[in-house]
1. Here are B:Ile71, B:Ile67: which of them is of a type in the set (A, V, I, L, M), over 23 Å from B:Gly145 (Cα atoms) and in contact with a Cys (Cβ under 9 Å, 6 or more places away or on another chain)?
2. So for segment B:16-28 (the condition being free of Cβ contacts under 8 Å to residues at least 24 places away in the same chain, within 14 Å of chain C (Cβ to nearest Cβ) and farther than 29 Å from C:Glu25 by Cβ), does at least one residue qualify?
3. Just to verify a result, which residue in segment D:56-90, among those that are of a type in the set (A, V, I, L, M) and within 11 Å of the chain's Cα centre (by Cα), is farthest from D:Lys186 (Cα to Cα)?
4. Which residue, of D:Arg14, D:Arg32, D:Arg39, is closer than 29 Å to D:Gly107 by Cβ and out of contact with any Phe, Trp or Tyr (no Cβ under 7 Å at 6 or more places or on another chain)?
5. Among what's in segment B:174-196 and is at the interface with chain A (Cβ under 9 Å from one of its Cβ atoms) and touching a strand residue (DSSP E or B) at 6+ places or on another chain (Cβ under 6 Å), pick the residue that is surrounded by the fewest Cβ atoms within 10 Å (Cβ to Cβ).
6. Give D:Leu167, D:Leu118, D:Leu142 a once-over and let me know the one that is without any contact (Cβ under 8 Å) to a residue 40 or more places away in the chain, hydrophobic (A, V, I, L, M, F, W, C) and not in a strand (DSSP E or B).
7. Is there a residue in segment C:33-46 that is closer than 25 Å to D:Asp61 by Cβ, buried (at least 22 other Cβ atoms within 10 Å of the Cβ) and of a type in the set (Gly, Ala, Ser)?
4 protein chains.
Amino acid sequence: MQHAKPLPSYLVQRYHGWKATTYAENAAWYRRLADEGQRPRAMIISCCDSRVHVTSIFGADQGEFFIHRNIANLVPPYEPDGAQHGTSATVEYAVTVLKVAHLVVLGHSRCGGVQGCLDMCSGRAPELETKESFVGRWMDILRPGYERIENVEPEDQAQALEHQAVLVSLENLMTFPFVKEAVEKKNLTLHGLWNDIGAGGLSCYQPEKGTFEPV
Amino acid sequence: MQHAKPLPSYLVQRYHGWKATTYAENAAWYRRLADEGQRPRAMIISCCDSRVHVTSIFGADQGEFFIHRNIANLVPPYEPDGAQHGTSATVEYAVTVLKVAHLVVLGHSRCGGVQGCLDMCSGRAPELETKESFVGRWMDILRPGYERIENVEPEDQAQALEHQAVLVSLENLMTFPFVKEAVEKKNLTLHGLWNDIGAGGLSCYQPEKGTFEPV
Amino acid sequence: MQHAKPLPSYLVQRYHGWKATTYAENAAWYRRLADEGQRPRAMIISCCDSRVHVTSIFGADQGEFFIHRNIANLVPPYEPDGAQHGTSATVEYAVTVLKVAHLVVLGHSRCGGVQGCLDMCSGRAPELETKESFVGRWMDILRPGYERIENVEPEDQAQALEHQAVLVSLENLMTFPFVKEAVEKKNLTLHGLWNDIGAGGLSCYQPEKGTFEPV
Amino acid sequence: MQHAKPLPSYLVQRYHGWKATTYAENAAWYRRLADEGQRPRAMIISCCDSRVHVTSIFGADQGEFFIHRNIANLVPPYEPDGAQHGTSATVEYAVTVLKVAHLVVLGHSRCGGVQGCLDMCSGRAPELETKESFVGRWMDILRPGYERIENVEPEDQAQALEHQAVLVSLENLMTFPFVKEAVEKKNLTLHGLWNDIGAGGLSCYQPEKGTFEPV
């Protein structure tokens with residue numbers, strides 16, 4: 001691998017700052033976590049978006065959350081076909097090996113992936129429909145969500161589809177036999193959240209109302 | 001989606017703490033990030049492991065890093081076959097849409113996914129070899145790395161394979177035409193890191209030496 | 001004291017979250033509590049175990065409960081010999097100075113201290129029998145309880161001894177002249193509780209039945 | 001034990017509220033904590049005072065903190081004489097069995113126990129000097145602290161002695177061989193805090209300055 005470069009200096013500097021402060025203050029705990037293994041209480045599935053930091057919002061410290069981040073916080077349906085399913089692997093590991101108690105899907109406002117899906121499904125982004133578009137094929141997971149919101153007023157469609165990205169993922173999670181079993185045995189609870197980046201808001205899906213309500 | 005539950009109270013409390021402090025102090029910046037979109041300088045590919053928080057290690061603030069986290073921080077080879085490739089979608093989005101300047105693969109010590117790969121490749125984990133094992137199929141990406149370390153002393157194999165998880169990913173990244181082009185045009189640099197959880201160490205791959213050296 | 005370190009950052013962050021929310025919403029009451037002194041209605045004697053939070057179970061707010069927590073929620077007998085008796089001091093202060101109306105002893109399931117006592121009394125933990133074992137000497141308080149349960153079926157002994165930890169403490173409380181007097185003058189009531197951690201259960205000792213019954 | 005009474009109805013009602021909300025939302029985690037045992041990251045030694053809730057200040061959830069509460073958050077010196085030392089037993093269990101990473105002594109303003117010690121040491125509370133006074137004998141632990149502050153201005157003595165209650169306890173902790181060893185091996189860090197109840201303040205002892213500074 002000849003193309004690897006030294007770490008940019010701004011990151012080197014920040015690392016040394018962390019090492020001298022946060023790490024130094026918590027070294028005993030970090031060593032113990034390393035020796036005894038992790039026991040996170042919850043798994044969070046969140047977006048890669050640089051503006052959404054679940055570790056900040058929930059004051060997450062090392063050892064607390066098993067975090068998967070992908071484009072638009074999507075979970076595909078259960079498909080044990082022998083192909084590579086990175087997201088399904090994270091869910092399998094969290095539920096069957098780590099036995100987390102809570103699984104949270106965290107969506108957010110102004111999601112570029114969801115906007116791409118909206119453009120693609122409404123015919124405005126033919127480049128996303130090609131076989132070569134990884135983002136387009138990934139966003140196919142959200143097509144069932146688009147069908148439910150295509151009659152929403154245009155200016156409200158993006159947020160409605162962001163909510164659907166959470167709901168479709170929660171529905172797909174229940175197609176995994178080990179998730180379904182853990183939920184039915186009350187060893188696991190599922191939660192759907194949506195973060196308003198600009199307003200710092202957080203709302204939670206309430207099935208009885210069918211809406212996301214501020215926590 | 002009838003199975004969604006209210007957010008556990010300890011997370012509600014922590015969110016309100018964040019809202020009243022970190023958010024309140026930075027609301028203007030968060031609003032601007034929401035309105036103008038993200039412009040992250042770097043993408044980080046890291047593990048889901050609860051003990052590895054790149055946001056902590058690099059003092060990441062909102063808007064700075066586009067972060068993908070999966071099992072064992074792996075990137076598969078370029079395979080534009082129309083199937084769903086969640087990790088490839090994150091790379092495509094970061095490099096072609098966000099045009100990040102740096103792409104960092106961050107491995108770590110005591111990685112459960114890498115240990116599973118080691119067990120599987122050495123014949124000690126037949127359950128990971130089934131078609132139904134999402135974790136096993138995902139770790140197939142690292143098989144070429146195993147071949148390079150199978151003659152290493154047994155007690156050193158885990159760490160050697162954790163290093164390979166970084167190197168194989170960097171190699172696979174270069175099979176993506178848009179990554180290769182951005183690297184060759186010097187619009188993008190690639191970096192391989194490995195974090196020692198217990199010691200708080202961070203080392204960076206140096207191609208001229210062929211080793212990971214402390215930053 | 002040269003060995004004191006700065007507070008770990010995760011606790012600093014949580015404190016600031018509390019200050020900006022819970023404290024800010026209740027500052028007037030906290031100031032008044034500070035100026036006028038506490039007037040708690042009840043004293044709770046509970047275990048140090050991190051899984052038992054009386055403040056959570058009883059929705060305790062500042063000013064409501066005077067709480068003593070030690071290993072296995074034990075109270076020794078009255079012994080005014082001039083030696084240091086930390087637990088007896090808490091009872092004396094609560095009953096004679098604060099004049100609490102209720103005194104609750106709260107035991108719990110899976111108690112490590114009680115298990116240690118069981119191991120020690122049945123000869124399986126000689127290390128707890130040495131003079132140097134603070135835990136062993138402390139658990140001596142519960143030896144009279146062990147004598148009452150040693151004929152119980154082995155699989156039921158741990159819970160039976162957890163119940164005895166509550167009962168022996170209640171009995172010992174009555175050996176304190178100021179407790180006995182307050183009880184007899186009906187200025188104080190005693191209560192024995194046992195919390196099932198996993199099931200979230202709470203049962204209360206009923207003298208007429210001689211058993212713990214769900215509240 | 002004939003004197004035990006049913007639980008007061010206000011506590012029954014609160015328990016049922018907790019069971020239906022906090023417990024219900026976290027039942028999977030509580031079951032797991034019960035089955036797998038606790039692994040608290042820190043031990044807190046705090047006062048019984050009803051106005052000081054470390055669980056509130058640090059947003060403590062079940063499983064996070066091993067908490068000992070006694071009069072004036074005091075730790076006696078190491079004294080392996082075979083007598084009952086309840087506080088020493090909690091420290092022994094936390095450090096040698098649970099292997100906590102942090103040990104925090106949390107003092108507070110308007111401490112009744114500290115005020116009693118001040119009165120006793122300055123000759124204004126002869127009733128606390130009797131052999132029969134459990135509070136008086138317990139507060140003897142703080143006499144070395146009084147000697148250091150007796151020349152402080154009278155109106156500042158109470159707070160100065162509250163600070164000493166933290167410092168004397170930290171010093172005494174270092175007389176326990178297992179504490180000293182864990183600190184020297186960097187497996188344990190000690191921290192001294194003082195909480196201003198009315199102002200919601202929190203300050204941390206800094207050995208290099210010799211003072212408590214706001215966190």
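1. B:Ile67
2. First, the residues of segment B:16-28 that are free of Cβ contacts under 8 Å to residues at least 24 places away in the same chain: B:16-25, B:27-28.
Right, trim to within 14 Å of chain C (Cβ to nearest Cβ) and you get B:16-25, B:27.
Retained after the next criterion (residues that are farther than 29 Å from C:Glu25 by Cβ): none.
Checking segment B:16-28: not a single residue is free of Cβ contacts under 8 Å to residues at least 24 places away in the same chain, within 14 Å of chain C (Cβ to nearest Cβ) and farther than 29 Å from C:Glu25 by Cβ.
3. Restricting to residues being of a type in the set (A, V, I, L, M) and within 11 Å of the chain's Cα centre (by Cα), the top hit is D:Ile71.
4. Details: D:Arg14 fails: out of contact with any Phe, Trp or Tyr (no Cβ under 7 Å at 6 or more places or on another chain); D:Arg32 fails: closer than 29 Å to D:Gly107 by Cβ.
Only one candidate qualifies: D:Arg39.
5. Selected residue: B:Thr189.
6. The unique qualifying residue is D:Leu167.
7. Yes: one or more hits.
Every residue, every condition in (1) at the interface with chain B (Cβ under 8 Å from one of its Cβ atoms); (2) at pLDDT 95 or above; (3) closer than 22 Å to B:Leu33 by Cβ, yes or no:
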site	(1), (2), (3)
A:Arg51	yes, yes, yes
A:Ala60	yes, no, yes
A:Phe66	yes, yes, no
A:Ala72	no, yes, yes
A:Glu79	no, yes, no
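The values are calculated or read from the model by the stated rules, or taken from the named source; none is laboratory data. On a predicted model such as this, the values are computed, not experimentally measured, just so you know. So basically every Cβ, Gly included, is an ideal-geometry build from the backbone, and we count neighbours across all protein chains shown. Ligands, DNA and RNA are stripped out before the accessible areas are found, and what is left, the full protein with its side chains, is counted by its heavy atoms. Shrake-Rupley method; radii C 1.70, N 1.55, O 1.52, S 1.80 Å.
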